[in-house]
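Below is one structure, written out as structure tokens, with a few remarks after it.
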């Protein structure tokens, strides 16, 4: 049985076990939506009339992941199922979390608290779906529509505005007119949402199928202008299809592309991603690509092999290869003035022809140069090793100990004539 079908059937069995104990239980939310759309399933969520302690008593392995909100996680083999008691939520004074949660007995009341109609469908173990807000019809019409009044839903939880844009982009749906008006009327509330949560939603948009559509919706809505921290430069205007994104297989490359298209320099790219609370590794990776582009832009003469190779040695082979990939996907990213007959494809050839890209790869060490030249150790060692590295990288010198030592001795002799 395919994994997708197996995890769905496991979810049905969990719900069936709850029913056998006298409780109501349904598969709900994104798993039902994605199954109806024929998409890959990730998590199976179950809503039940059983109280958390009743769920915990029924299954041998349960983690109390969110007891105040009625949620526990049932572990079966390698799979985890979030099981949540039917609940009603009161006001959201922080525009994110409910002030109070009350357990209820009716699944329809539980569905009424959800954000969008396509996420408010319950699937019973008998195959019958409970869909009080027309989610199945909205899936057919390909629209994102709020459960109830859009202004109220977004007022309760401002993160839902970003989620709505993400769903519209990922599924290539349109946003319902009332939902769009709700975003425009409630967008100032985004300033109450933690930047880490904003970053998580944006990350999913860029990693998804239609990043260009997500960016267009974000720009048109003006939503990010109301984030808790300023994000500058603003997202770029992106025209055309999604084809360029599909050539970039890592979300880090997509972030670098967005920021380069926006005209961000290394410091601005660093600032953007740090404000979104991304990892230091990811920030450094994207910032290095932006720094490499900046180094090329600073050239006062057409970029030749030596300038390109110097950029590779400064920012690393990985950053250079990533920059080439982005420039191929989005040619306007590469603003460099290349030498006659040279471009990003030629730069790729030069990159692949480099026999060494770090001092560690050289066939000579600093202590060997000290003994060879009879000089005291000092900053000159690093300078000389980097000079030799550039010659090797340009294929002007073989990366062999004898050749490297001879060149170092020649250079030292010429300097002291």
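Computed values, structure above
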| read-out | value |
| --- | --- |
| Any hit, the range 361-377, residues being surrounded by 15 or more Cβ atoms within 10 Å (Cβ to Cβ) and within 39 Å of the chain's Cα centre (by Cα) | yes |
| Qualifying residue in the range 124-133 (condition: at pLDDT 95 or above and within 19 Å of residue 205 (Cα to Cα)) | no |
| Unmet criterion (only one of (1) farther than 27 Å from residue 354 by Cβ; (2) part of a helix (DSSP H, G or I); (3) in contact with a helix residue (DSSP H, G or I) (Cβ under 6 Å, 6 or more places away or on another chain)) for residue 231 | (2) |
| Any hit, the range 388-406, residues being touching a helix residue (DSSP H, G or I) at 6+ places or on another chain (Cβ under 7 Å), touching a residue at least 40 places away in the same chain (Cβ under 8 Å) and farther than 19 Å from residue 317 by Cβ | yes |
| Options 328, 346, 352: the member that is in contact with a strand residue (DSSP E or B) (Cβ under 9 Å, 6 or more places away or on another chain) and in a helix (DSSP H, G or I) | 346 |
| Tally, over the range 183-208, of residues that are outside any helix (DSSP H, G or I) and closer than 27 Å to residue 244 by Cβ | 1 |
| Scope the range 123-182; condition within 19 Å of residue 197 (Cβ to Cβ), outside any loop (DSSP other than H, G, I, E, B) and either out of contact with any helix residue (DSSP H, G or I) (no Cβ under 8 Å at 6 or more places or on another chain) or free of Cβ contacts under 8 Å to residues at least 24 places away in the same chain (or both); matching residues | 156 |
| Selection count where residues are assigned to a loop (DSSP other than H, G, I, E, B) and within 24 Å of residue 352 (Cα to Cα), scope the range 392-417 | 7 |
| Which listed residue, of 289, 303, is at pLDDT below 95 and either under 30 Å from residue 355 (Cβ atoms) or surrounded by fewer than 22 Cβ atoms within 10 Å (Cβ to Cβ) (or both) | 303 |
| Checking residue 240 against (1) loosely packed, with under 14 Cβ neighbours inside 10 Å; (2) more than 15 Å from the chain's Cα centre (by Cα); (3) on the phi < 0 side of the Ramachandran plot, the condition it does not meet | (3) |
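The values are calculated or read from the model by the stated rules, or taken from the named source; none is laboratory data. For clarity, every value in this text was computed on a predicted model and none was experimentally measured. With ideal geometry, Cβ positions are generated from the backbone for all residues, glycine too; neighbour counts draw on all protein chains shown.
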